[in-house]
Amino acid sequence: MKHTHPLPGDIGLTQISGVTGRLIRFGQWINGDGFADYEHAFLVLPGDRLLEAEPGGARIRQLTEYDGSDVLYVCPKRLTEQQREGVCAAADRYVGVPYSFLDYAAIATHRFHLPVPGLRRYVASTRHMICSQLVDQCYQDAGVHLFADGRWPGYVTPMALYTLLAS
């Protein structure tokens, strides 16, 4: 479900420019998302704040950081107020969690069915996350499972969130 005004618990999807954005686009392409329009996901929190994964570690920022940016806000249909509160409450647990570009490679390794010992555990780890994994994990912690397709925990990109919730 798409929103024009963000609510706590919504997921913001946006583009990233420059080299970082191109690297993420490439990572998503390797993972079967094509050269997608959205390279970044963040979680909207109460008080006009957000949680996002960044190379320096996950942090809480002001939502106004994205004023003037093209952001699409989405959430699952029939998300209750209690579920929204649970998703937002989970956010504090992940402040400071390191970002991991290697997660894109791990996700691709799984996509190509390469037999790597410990891969599932690595992808599911909450000790390092890309932005979409962080958002998905907050939902899981609140008991809201976004994907019902049997995918591994942590096997999620920003475009996977777009495809599930906005298309």
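The values are calculated or read from the model by the stated rules, or taken from the named source; none is laboratory data. None of these values were measured; they are calculated from a predicted model. Note: ideal-geometry Cβ built from the backbone for every residue, glycine included; neighbour counts use all protein chains shown. Ligands, DNA and RNA are stripped out before the accessible areas are found, and what is left, the full protein with its side chains, is counted by its heavy atoms. Shrake-Rupley method; radii C 1.70, N 1.55, O 1.52, S 1.80 Å.
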Quiz item: Which residues, taken from segment 155-167, are of a type in the set (A, V, I, L, M, F, W, C), in contact with a strand residue (DSSP E or B) (Cβ under 6 Å, 6 or more places away or on another chain) and under 23 Å from GLY96 (Cβ atoms)?
Solution: LEU161
Exercise. For segment 141-160, name all the residues that are open to solvent by 10 Å² or more (accessible area, probe 1.4 Å) and either within 19 Å of ILE60 (Cβ to Cβ) or touching a Gly at 6+ places or on another chain (Cβ under 8 Å) (or both).
Key: ASP141, ALA142, GLY143, VAL144, MET159
Exercise. Assess whether ALA58 counts as being crowded, with 18+ Cβ neighbours inside 10 Å and either in contact (Cβ under 8 Å) with a residue 40 or more places away in the chain or within 26 Å of PRO8 (Cβ to Cβ) (or both).
Key: yes
Practice problem: Go over the candidates GLY12, GLY27 one by one and state the one that is surrounded by 16 or more Cβ atoms within 10 Å (Cβ to Cβ) and at pLDDT below 90. | Solution: GLY27
Quiz prompt | Residues satisfying the stated conditions in segment 42-55, i.e. of a type in the set (A, V, I, L, M) and either surrounded by fewer than 14 Cβ atoms within 10 Å (Cβ to Cβ) or touching a Gly at 6+ places or on another chain (Cβ under 8 Å) (or both) | solution = LEU43, VAL44, LEU50
Quiz item: Are there any pairs, at least 6 apart or on different chains, whose C-beta atoms fall under 6 Å, with the first in segment 133-154 and over 13 Å from ASP103 (Cβ atoms) and the second in a loop (DSSP other than H, G, I, E, B), and if so, which?
Solution: TYR139/LEU146
Practice problem: Identify all residues within segment 63-105 that are open to solvent by 60 Å² or more (accessible area, probe 1.4 Å), modelled with pLDDT of 95 or more and in a loop (DSSP other than H, G, I, E, B); write none if there are none. | Solution: THR80, VAL95
